[in-house]
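Visitor: Take this structure, written in structure tokens, and hold onto it; I'll ask about it next.
Here, each number is a calculation from the coordinates, and none is a lab measurement. Everything quoted here is computed from the prediction, not taken from an experiment. Positions of Cβ are generated from backbone atoms using ideal geometry, with glycine treated the same way; all protein chains shown enter the neighbour counts.
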Ligand code: NAP
């Protein structure tokens, strides 16, 4: 185990039950990290655990609804108690919400999208920042979307939430510039997952790249060798984007 690049590193992965989060959890564990896997679907987490163990890795399962913000504080306390530090935070879980004109969006949908895509990530940062600071190379990575910039018609709550997430992570990156923490955003582009199928039901999924294609790049962003902060890694173009102030 010790020859693996992420050996002995502790990683929190949200949305680990399927899609991008599941592929990332497997890849991080495959490189030696101990994965703390969060999602609501306990059965899917248990299947993930089995797969990680079969490959010789280790995981801790945390079945939780990310809208239970106090549970995220308790998570911080539990990680502090057991490991005293956190090396990797992958804020991946996300909710598409309703595809509808902003004039028709229901308040509960709006609130749920903001809670999972924005507030939960803020609460995770707030709860886990002391533990990331206790690491020699804390890596915080959050999954955004091109929707944050395109502001596509009918994707209102999702676009707004991802724009807010980007502002949150860039602010955190500026606040941790003088620490070993590196905070990055990741735009996966269209990938073959349940969320994409819900957003684009007419699309042929076999034309899309898979979460597994992305996962090795997540490992790269999570590694101590990664040096960039406050930027977006754009998977479709394999480029680093630096958001610019308007002239
Ligand atoms: P997905 O297959 O729908 O998976 C979403 C994950 O988030 C699941 O593991 C789900 O777990 C978890 N989750 C949702 N609500 C939760 C809650 N209240 N509490 C705890 N966990 C919750 O989606 P995906 O495509 O992998 O998306 C992952 C991320 O990539 C999202 O942030 C998404 O916005 C972003 N993204 C995806 C694409 C794409 O084409 N797929 C493109 C751009 C951005 P449970 O249901 O088990 O709780």
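Visitor: Hey, quick one: spin label on residue 107, modelled 7 Å out along Cα-Cβ, who in segment 136-160 has an amide N within reach, i.e. under 18 Å?
Guide: Output list for this probe position: 157.
Visitor: Quick one: length gained pulling residue 58 to residue 203 fully straight, 0.36 nm per residue minus the C-alpha distance? Mind showing how you got there, number by number?
Guide: On the way: separation 145, 0.36 × 145 = 52.20 nm, distance 3.60 nm.
Residue separation times 0.36 nm, minus the Cα-Cα distance, leaves 48.6 nm.
Visitor: Here's another thing I want to ask about it. List residues of segment 24-62, by number, whose backbone nitrogen lies under 18 Å from a label position 7 Å along Cα→C-beta of residue 212.
Guide: Answer for this model: 24-32, 47-57.
Visitor: Taking 8 Å as the Cα distance limit and 6 or more residues as the minimum spacing, I'd like the relative contact order of the chain as a percentage. Please list the in-between numbers first.
Guide: Working: 475 pairs, mean separation 44.9, N = 247.
Relative contact order, the chain: 18 percent.
Visitor: Could you work out how far the C-alpha centroid of segment 172-214 sits from that of segment 65-133, in angstrom?
Guide: Rounded to whole Å, the Cα centres lie 16 Å apart.
Visitor: Sticking with this one: Starting from the Cα gyration tensor of segment 54-151, take the square roots of the eigenvalues, sort them a ≥ b ≥ c, and report rounded, prolate or oblate (rounded when a/c is under 1.5, otherwise prolate if a/b is larger than b/c, else oblate). Before the final figure, lay out each step's value.
Guide: On the way: a/c = 2.16, a/b = 1.99, b/c = 1.09.
Here segment 54-151 falls in the prolate category.
Visitor: Going by the alpha-carbon gyration tensor, a ≥ b ≥ c the square roots of its eigenvalues, is segment 135-247 rounded (a/c under 1.5) or, if a/c is not under 1.5, prolate (a/b greater than b/c) versus oblate? Don't skip to the answer; put the middle values down first.
Guide: On the way: a/c = 2.40, a/b = 1.43, b/c = 1.68.
Oblate, because a/c is 1.5 or more while a/b does not exceed b/c.
Visitor: Among 195, 245, 184, 200, which comes first, second and so on when ranked by fewest other beta-carbon atoms within 10 Å? If you can, show how the numbers build up before the last one.
Guide: Details: 195 17, 245 4, 184 23, 200 13.
Ordered by Cβ neighbours within 10 Å, fewest first: 245, 200, 195, 184.
Visitor: What angle do you read, to the nearest 10 degrees and between 0 and 90, between the alpha-carbon axis of helix 42-54 and the longest principal axis of the chain?
Guide: Helix 42-54 sits roughly 40 degrees off the main axis of the chain.
Visitor: With label points built 7 Å along Cα→Cβ from the Cα atoms of residue 225 and residue 8, find their separation and express it in nm.
Guide: For residue 225 paired with residue 8, the spin-label model returns 1.9 nm.
Visitor: Then there is this: Assign one of three labels to segment 10-240, namely rounded, prolate or oblate, based on the Cα gyration tensor with a ≥ b ≥ c the square roots of its eigenvalues; rounded applies when a/c is under 1.5, prolate when it is not and a/b is larger than b/c, and oblate otherwise. Please list the in-between numbers first.
Guide: Working: a/c = 1.41, a/b = 1.29, b/c = 1.10.
Verdict is rounded for segment 10-240.
Visitor: Then there's this: For helix 156-175, what angle does its Cα long axis make with the longest principal axis of the chain, in degrees from 0 to 90 and rounded to 10?
Guide: Value to nearest ten degrees: 40.
Visitor: Hey, another quick one. Order by neighbour count: 234, 49, 70, fewest other Cβ atoms within 10 Å first, most last.
Guide: Working: 234 17, 49 20, 70 9.
Ascending number of Cβ neighbours within 10 Å: 70, 234, 49.
Visitor: Roughly how tilted is helix 120-133, in degrees to the nearest 10 and between 0 and 90, from the longest Cα axis of the chain?
Guide: 30 degrees
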